[in-house]
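The values are calculated or read from the model by the stated rules, or taken from the named source; none is laboratory data. It should be emphasised that the depicted structure is a prediction, and the values quoted were computed from it without experimental measurement. As a convention, Cβ positions derive from the backbone with ideal geometry for all residues, glycine included, and neighbour counts pool all protein chains shown. With ligands, DNA and RNA removed, areas are computed over all heavy atoms of the protein, side chains included. Shrake-Rupley method; radii C 1.70, N 1.55, O 1.52, S 1.80 Å.
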Amino acid sequence: MSLSIIVAIDENYGIGKDNQLPWHLPADLKYFKAVTTGHTVIMGRKTYDSMGKALPNRRNIVISRQKKLDLQDASLVHSLEEAISLCSSDEEVFIIGGAEIFRQAIPLISFMYITRIGHRFDADTFLKGIDWNEWEEISREDREPDEKNAYKYSFLKYQKRGS
Ligand SMILES: NC(=O)c1ccc[n+]([C@@H]2O[C@H](COP(=O)([O-])OP(=O)(O)OC[C@H]3O[C@@H](n4cnc5c(N)ncnc54)[C@H](OP(=O)(O)O)[C@@H]3O)[C@@H](O)[C@H]2O)c1
């Protein structure tokens with residue numbers, strides 16, 4: 001089983017604002033859906049709340065310290081390790097945020113799917129803790145703005161060196 005994160009960041013590593021995404025970029029939502037559909041997705045409770053419901057056609061695992069959360073459409077666990085332990089028969093598992101969960105996951109992952117957006121947004125949540133020397137870019141797709149997507153963006157995939 002390999003563990004990956006998938007995240008969209010702005011030029012300042014911003015990922016969120018007021019428990020929402022700071023931008024509207026439908027091409028990235030489409031990419032996220034294509035990459036993660038059919039897989040298990042692991043997320044923090046705040047990211048689950050920000051979506052309002054589980055992502056369809058994926059097994060959703062939500063991490064919280066609260067013992068009595070009533071989630072109808074997702075599995076509740078109480079640590080990242082517990083989430084990962086449920087995935088031993090998966091091929092690739094996606095950790096989808098937010099910042100608190102990414103910070104704990106980065107030492108454990110082999111791949112990062114990063115959408116870099118060519119703009120600086122007003123954000124209150126940031127992706128932290130990546131030592132870029134440890135990562136090799138293995139694929140890259142650059143996209144120009146169009147009528148539906150107002151910013152330049154790139155889909156990048158990184159592999160941890162030596163993994
Ligand atoms: N740009 C992107 O790709 C992207 C992706 C995902 C999210 N986001 C954004 O990121 C923001 C949310 O990120 P966030 O860092 O505030 O929250 P988060 O990581 O989604 O969730 C944090 C919560 O997870 C639980 N948690 C964290 N560590 C835990 C542990 N070790 N054991 C048990 N439970 C644990 C706690 O839930 P309880 O409080 O219930 O105990 C904690 O409050 C939003 O703005 C969202 O839109 C952006």
Angle in degrees between helix 26-36 and the longest Cα principal axis of the chain, rounded to the nearest 10
40 degrees
Which whole-Hz couplings ³J(HN,Hα) result when phi for each residue of region 43-57 is put into the Karplus expression 6.51 cos²θ - 1.76 cosθ + 1.60, θ = phi - 60°, listed in order with x for Gly and Pro?
8, x, 4, 5, 5, 4, 4, 5, 7, x, 6, 5, 6, x, 6
As a test of reading the structure, rank R120, R45, R65 by solvent-accessible area (1.4 Å probe, protein chains only), most first.
R65, R120, R45
If each DSSP helix of 4+ residues adds -39,500 (n - 2.57) and the sum is divided by the residues in the chain, what number results at 222 nm, nearest 500 deg cm²/dmol?
-5000 deg cm²/dmol
In what sequence, largest accessible area first, do E81, E92 appear using a 1.4 Å probe?
E81, E92
A correct Karplus calculation of ³J(HN,Hα) over region 150-162, with 6.51 cos²θ - 1.76 cosθ + 1.60, θ = phi - 60°, whole Hz and x for Gly and Pro, returns 7, 10, 5, 7, 9, 9, 10, 10, 10, 10, 5, 4, x
Along the charge dipole of region 2-132, pointing to its positive end and built from +1/-1 on Cβ of Lys, Arg, Asp and Glu, which listed residue (L21, L69, I84) has its Cα farthest out?
L69
Given a 1.4 Å probe, the accessible area of the chain per residue, as a whole number of Å², is 55 Å²
Taking a cut-off of 27 Å, what percent of all Cα-Cα pairs in region 2-132 are separated by more than that?
13 percent
Computed FRET efficiency, Cβ-Cβ of S163 and L69, R0 25 Å: what is it to the nearest 0.05?
0.15
With a sphere of radius 15 Å drawn around the Cβ of D146, what net charge do the other residues whose Cβ falls strictly inside it have (Lys, Arg +1; Asp, Glu -1)?
-1
